[in-house]
Structure formats: C-alpha cells, structure tokens
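Taken together, the values in this text are just the output of simple stated rules run on the coordinates, not laboratory data. From a predicted model like this one, the values you see are computed outputs, not experimental measurements. Note that we place each Cβ from the backbone using ideal geometry, even for glycine, and neighbour counts take in every protein chain shown.
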Amino acid sequence: MVRLDFSKQSEKRCELCEREVSAVSRHHLVPREEGGRYGPTVALCQPCHSTVHLLLTNRELARKYPTVEALQQAPELQKYLHWVRRSRVEHISNRRRR
C-alpha cells in the first residue's frame, strides 16, 4: 500500500466514503494481479481500502467493480459505508484471514 502525502486538504478525501481524512492510499480499481497495474487508481482512506479487500476478491473487483461508482453501489459494502460515513475512524484492523 502506498501512502500519499497531499499538501492540499481538499485532496485528502476518500473517494469511496467521501470523508475528509488525514491520509489516503491509492487503490487500483482493477487489481494489479488481474491486469490493472497501469490502470486507474482512486484515493481511499485506510478503513475503506482494508474493507474493500476484506469483503471482495481481486477477481470480483476486476469483473464487477472497475469504477469507484460501481464500488459505491456494491451490495457487499453498503452496511460498512453506512457506518463509516457517520464515523470519525481513521484506522481499522480488519485483515483478511489467510
């Protein structure tokens, strides 16, 4: 995960939950292992980035959710998005079990 240090406050907005946050990282809309190495990326806060990878496989991300708009509508993320949009959480520990 690559951390980006933006100098403008307006750029520190998570594109999934749309909250202002202290840090964002780049999420490949089509995962690198599914052919998206040079494809588009979006800025996600750590809780959203972790949750996306917890709840969706790379194959699902590549085939069903190749845009941030599609991710925002993903049924698997609706409960989480409803919660996080009302929250001030900046970090979450929810790694995928191996």
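May I ask you to list the residues in segment 40-71 that are closer than 16 Å to residue 17 by Cα and not hydrophobic (A, V, I, L, M, F, W, C)?
41, 46, 47, 49, 50, 51, 53, 65, 67, 69 - these are the residues of segment 40-71 that are closer than 16 Å to residue 17 by Cα and not hydrophobic (A, V, I, L, M, F, W, C).
Report yes if some residue within segment 25-33 is surrounded by fewer than 14 Cβ atoms within 10 Å (Cβ to Cβ) and in contact with a helix residue (DSSP H, G or I) (Cβ under 6 Å, 6 or more places away or on another chain); otherwise report no.
Taking every residue of segment 25-33 in turn, at least one turns out to be surrounded by fewer than 14 Cβ atoms within 10 Å (Cβ to Cβ) and in contact with a helix residue (DSSP H, G or I) (Cβ under 6 Å, 6 or more places away or on another chain).
Looking at segment 29-56, which of its residues are small (Gly, Ala, Ser) and closer than 16 Å to residue 74 by Cα?
Selection gives 50 alone.
Where residues in segment 34-52 are of a type in the set (Ser, Thr, Tyr) and surrounded by fewer than 19 Cβ atoms within 10 Å (Cβ to Cβ), which of them is nearest to the chain's Cα centre (by Cα)?
Here the residue is 41.
Limited to segment 11-24, what total is found for residues that are in a loop (DSSP other than H, G, I, E, B) and crowded, with 17+ Cβ neighbours inside 10 Å?
7
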